[in-house]
1. Using a 7 Å offset from Cα along Cα-Cβ at residue 79, what residues in the range 172-209 end up with backbone N under 17 Å from the label point?
2. Extension gain residue 21-residue 203, at 0.36 nm per residue separation less the Cα-Cα distance, in nm?
3. What net charge is computed for the residues neighbouring residue 186, neighbours being all others with C-beta under 14 Å from the C-beta of residue 186, Lys and Arg scored +1, Asp and Glu -1?
4. Name the residue, out of 167, 214, 113, whose mean-square fluctuation peaks in a Gaussian network model built on the chain with Cα pairs under 10 Å.
5. Note down the net charge around residue 120, summing +1 for each Lys or Arg and -1 for each Asp or Glu among other residues with Cβ under 14 Å from its Cβ.
6. Could you identify which residue out of 99, 81, 50 has the top mean-square fluctuation in a GNM of the chain using Cα springs shorter than 10 Å?
7. Kyte-Doolittle cut-off -0.5, length cut-off 24 Å along the helix's own axis using Cα: show which whole DSSP H helices in the chain pass.
8. May I ask you to list the trypsin sites (Lys or Arg not before Pro) in the range 174-240 that are in a DSSP loop and have at most 12 other Cβ atoms within 10 Å of their Cβ?
Amino acid sequence: MKNNAIIITGANGNVGSYFAKKYCELDENLILVIHKSNHRIKQLVSNYPDRLKILQADLSNYSNLKLELAKIINETGWIPDRLIHTATARSSVIKSLADSDPDLWKNIINANLVGTFNILKTSLEYFKKNNNGKIVLFGSNVSRIGLPKGTAYSASKAGIANIGRSLATEEAACNIIVNTVSPGPIKIDDSEFTESYRKFRQEYYEEKLREIPLKRCASFQDIFGLCEFLLSKDNSYITGEEFFITGGKI
Ligand SMILES: NC(=O)c1ccc[n+]([C@@H]2O[C@H](COP(=O)([O-])OP(=O)(O)OC[C@H]3O[C@@H](n4cnc5c(N)ncnc54)[C@H](OP(=O)(O)O)[C@@H]3O)[C@@H](O)[C@H]2O)c1
């Protein structure tokens, strides 16, 4: 029986829940980090209670995250060796920087950038102990083109890719590989977004779709295929990179 495990953040999200299902089918042990809700993975976890463990945490709270992860490791004896960090906060208030509320702006940065630091620091403790780890962070195409009326989100996505580049160098000697996957529009279920955010997103994506040579949004499979390779044993040399999945759009 395997005793290594993959940590997936945002595990109840669109991309995270798809990854949870795919890696479950591949017989992996999974630590599924969720925030408020679990409806997309609840059934899956109850079908595979020995291989799938839920860790409920706000990523911006370091000490709680560290404690909850340690509890799962102690209980299962698993050795985490991969991290897929898909969790993200988005602002439901669509405003230009000049009109933004400073506290709301800071909340997004806190969840996304401090949250990224926290999950990395917590996971690295285990990866470094075993001199083995592979990490995929999630950025976005907005990290290179910006996002008018979404500056906190786009700044945090650019920051995540930058953290990935630095970390890849810092931890190369410990056999830890770090890459960032930065998609353009993904075909997702947007029914849970607020009315105003959904409208903002749909208008933005309609405009972007006209510019995508392949004329469609990315599918979950498009994203999974690349991530699976980056996290696999076949990848021992590609690190510190940011990969854009945008159907040919620069
Ligand atoms: N969807 C796209 O078109 C698109 C395009 C480019 C890049 N991306 C990137 O791809 C990744 C996955 O996107 P997605 O569409 O799957 O996102 P999603 O469906 O919105 O899922 C994000 C998840 O992050 C969790 N989360 C939010 N704040 C958190 C916090 N403070 N602590 C812990 N978890 C938190 C949310 O949990 P709760 O709902 O319970 O709060 C949610 O399950 C993201 O990093 C996103 O930036 C997505």
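1. The answer is 174-177, whose backbone nitrogens lie closer than 17 Å to the label point.
2. Contour length minus Cα-Cα distance gives 62.5 nm.
3. Cβ neighbours under 14 Å give a net charge of +4.
4. Most flexible of the set in this elastic network: 214.
5. Details: positive: 66, 82, 121, 128, 134, 165; negative: 125, 170, 171.
In short, +3.
6. 99
7. 151-170
8. Values: sites: 187, 198, 199, 201, 208, 210, 215, 216, 233; in loops: 187, 215, 216, 233.
Loop-located and lightly packed - 215, 216, 233.
Read-outs: derived from the displayed coordinates by stated rules, not from any lab. Quantities reported herein were computed from a predicted structural model and do not represent experimental measurements. So basically every Cβ, Gly included, is an ideal-geometry build from the backbone, and we count neighbours across all protein chains shown.
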